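Novice: My questions will all concern the structure given below.
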Amino acid sequence: MEYIIQIILSFIATAAFGIIFNAPKKSLFHCGLVGAIGWGIYLGFTNQGVDIVPASFAGSFVIAIVAHLYAKRFKMPMIIFSVAGIIPLVPGGMAYNTMRHIVEKDYTQGIEFAVKTSLVTGAIVMGLVFAEVFMQLIFNVIRRSKLTKKTS
Amino acid sequence: MALKGTKEEELAISCFLLAGRLLVQAGAETYRAEDTMMRMAQSQNYMEAQSFVTPTGIIFSAGNEKPTRIAQIPSRTTDLEKIANVNSISRSLTAHDITVIEAYEKLQIVEKTNFFFPVWVQILASAIASACFLILFQGVWTDMPAAFVAGGVGFIVFIAIHSLTRVKFFGEFTGALFVGIIAFLAVEWGFGTQLDKIIIGSVMPLVPGLPIANAVRDLMAGHFVSGVAKGVEAFLTASAIGAGVALVLAF
């Protein structure tokens with residue numbers, strides 16, 4: 001139940017972000033869907049006890065793949081779908097904790113949170129990049145098989 | 001000797017430059033702007049065209065013996081609908097569905113139109129997003145009204161200060177500051193319980209999602225100048241938000 005509520009809320013939050021980023025009106029629903037899928041994956045992994053760094057990677061990887069598929073289908077740039085989708089994964093809580101500990105002059109804890117924040121950000125970024133390379137490879141294979149079919 | 005092109009050449013170059021400028025201004029990746037301009041140019045038989053795009057300006061040359069021009073880009077926003085529109089115009093131009101003149105006219109219309117949602121819709125969206133993020137970050141349901149108000153007011157302050165001072169980082173700083181103050185007051189007066197969660201949720205609408213995503217894609221495409229510039233933009237925004245929140249926490 002908790003899981004379903006979280007996914008519904010992440011859908012609403014991502015669609016609202018689509019409005020803030022001024023996404024085209026007809027793509028708002030799909031923006032929300034991308035965000036909900038990504039958050040669902042992330043939540044599924046963390047609930048299984050996986051660390052948040054690989055969970056963020058998996059979430060952003062799937063977000064980028066779905067965004068690429070939507071981009072092909074609607075003939076729109078891919079960032080329209082991916083930008084709002086990755087927002088829930090952004091480690092806002094950890095960045096906040098970094099700030100709080102530094103303000104309280106607890107620098108050791110602050111650095112610990114800062115390193116974790118940058119690790120999670122890096123994981124999100126790597127997920128996006130890996131998905132891009134992955135999709136390019138797949139599309140190349142599809143294109144090549146189509147070409148060979150035509151020539152044979 | 002200054003090179004001067006024919007009338008058609010000048011018009012075509014204006015058209016390509018406008019497309020590139022609109023893309024960068026709306027927050028598209030640098031490599032997309034370059035790619036779009038090159039495709040448009042090649043479809044119109046400018047095979048030697050070259051473009052150099054940075055977040056603050058574009059240099060475009062139609063080839064040897066042909067004019068070269070510069071477009072300055074003073075400000076950038078996030079406007080995904082504009083990117084989609086320019087993209088579809090460039091697609092129909094490269095497919096030869098429309099001529100350069102038609103494309104130029106269409107681009108000029110896109111430049112003038114304001115595609116943004118009304119401000120109150122944006123504020124409402126950021127308030128709703130804040131309330132949702134509170135729950136996503138394991139907050140309690142009773143804190144939702146506080147996050148709703150803090151997120152909405154934070155965004156209003158951000159828009160107001162940004163349009164007043166034209167300094168984006170100052171707007172983000174003040175927005176985060178107001179989020180912190182409202183969250184603090186809400187907890188003080190008994191409208192909320194977890195100060196941390198309310199602040200984190202309400203600060204999310206200010207988070208620089210687009211620069212982070214774009215910086216990486218540009219770096220991967222080999223555009224190191226733009227990638228680093230956008231990475232710094234994202235870092236500065238994050239620092240501004242952090243400083244705003246820290247100011248409240250320091251008391």
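The values are calculated or read from the model by the stated rules, or taken from the named source; none is laboratory data. Small disclaimer: the values here were computed from a predicted structure and weren't measured. Positions of Cβ are generated from backbone atoms using ideal geometry, with glycine treated the same way; all protein chains shown enter the neighbour counts. Side chains included, ligands, DNA and RNA excluded: accessible areas come from the protein's heavy atoms. Shrake-Rupley method; radii C 1.70, N 1.55, O 1.52, S 1.80 Å.
Novice: Give region B:32-58 a look and list any residue that's among the acidic types (Asp, Glu) and within 19 Å of A:Met78 (Cβ to Cβ), or say none.
Specialist: Quick first cut of region B:32-58, residues among the acidic types (Asp, Glu) only: B:34-35, B:48.
Correct list: B:Glu34, B:Asp35.
Novice: Residue by residue through region A:71-93, note down the ones that are part of a helix (DSSP H, G or I) and open to solvent by 30 Å² or more (accessible area, probe 1.4 Å).
Specialist: Passing the criteria: A:Lys72, A:Arg73, A:Phe74.
Novice: Let me ask something else about it. Kindly indicate the residue of region B:202-225 that is within 14 Å of the chain's Cα centre (by Cα) and small (Gly, Ala, Ser) and also nearest to B:Gly171 (Cα to Cα) among those meeting that condition.
Specialist: This residue is B:Gly209.
Novice: Looking at region B:89-127 only, could you name the residues that are in a helix (DSSP H, G or I), within 30 Å of B:Lys7 (Cβ to Cβ) and within 19 Å of the chain's Cα centre (by Cα)?
Specialist: Correct list: B:Leu107, B:Val110, B:Glu111, B:Lys112.
Novice: Same structure, new question: If I ask for residues that are free of Cβ contacts under 8 Å to residues at least 12 places away in the same chain, away from chain B (no Cβ under 12 Å) and among the β-branched types (Val, Ile, Thr), which ones from region A:1-41 would you list?
Specialist: Correct list: A:Ile4 only.
Novice: Can you find, within region A:42-98, the residue that is nearest to the other protein chains (Cβ to nearest Cβ) among those that are among the hydroxyl-bearing types (Ser, Thr, Tyr) and more than 19 Å from B:Thr78 (Cα to Cα)?
Specialist: Once the filter is applied, the top-ranked residue is A:Tyr96.
Novice: State yes or no: is B:Ala160 of a type in the set (Gly, Ala, Ser), buried (at least 21 other Cβ atoms within 10 Å of the Cβ), at pLDDT 85 or above and assigned to a helix (DSSP H, G or I)?
Specialist: No: the conditions fail for B:Ala160.
Novice: Related question: Out of B:Gly139, B:Gly63, report the one residue that is surrounded by 14 or more Cβ atoms within 10 Å (Cβ to Cβ), outside any helix (DSSP H, G or I) and more than 14 Å from every other protein chain (Cβ to nearest Cβ).
Specialist: So the residue among B:Gly139, B:Gly63 that is surrounded by 14 or more Cβ atoms within 10 Å (Cβ to Cβ), outside any helix (DSSP H, G or I) and more than 14 Å from every other protein chain (Cβ to nearest Cβ) is B:Gly63.
Novice: Let me confirm something: among A:Phe113, A:Phe134, which residue is under 25 Å from B:Ala221 (Cα atoms) and aromatic (Phe, Trp, Tyr)?
Specialist: Going through A:Phe113, A:Phe134 in turn, the sole match is A:Phe134.
Novice: Looking only at region B:142-157, count how many residues are surrounded by fewer than 23 Cβ atoms within 10 Å (Cβ to Cβ), at pLDDT 85 or above and within 23 Å of A:Glu2 (Cβ to Cβ).
Specialist: 3
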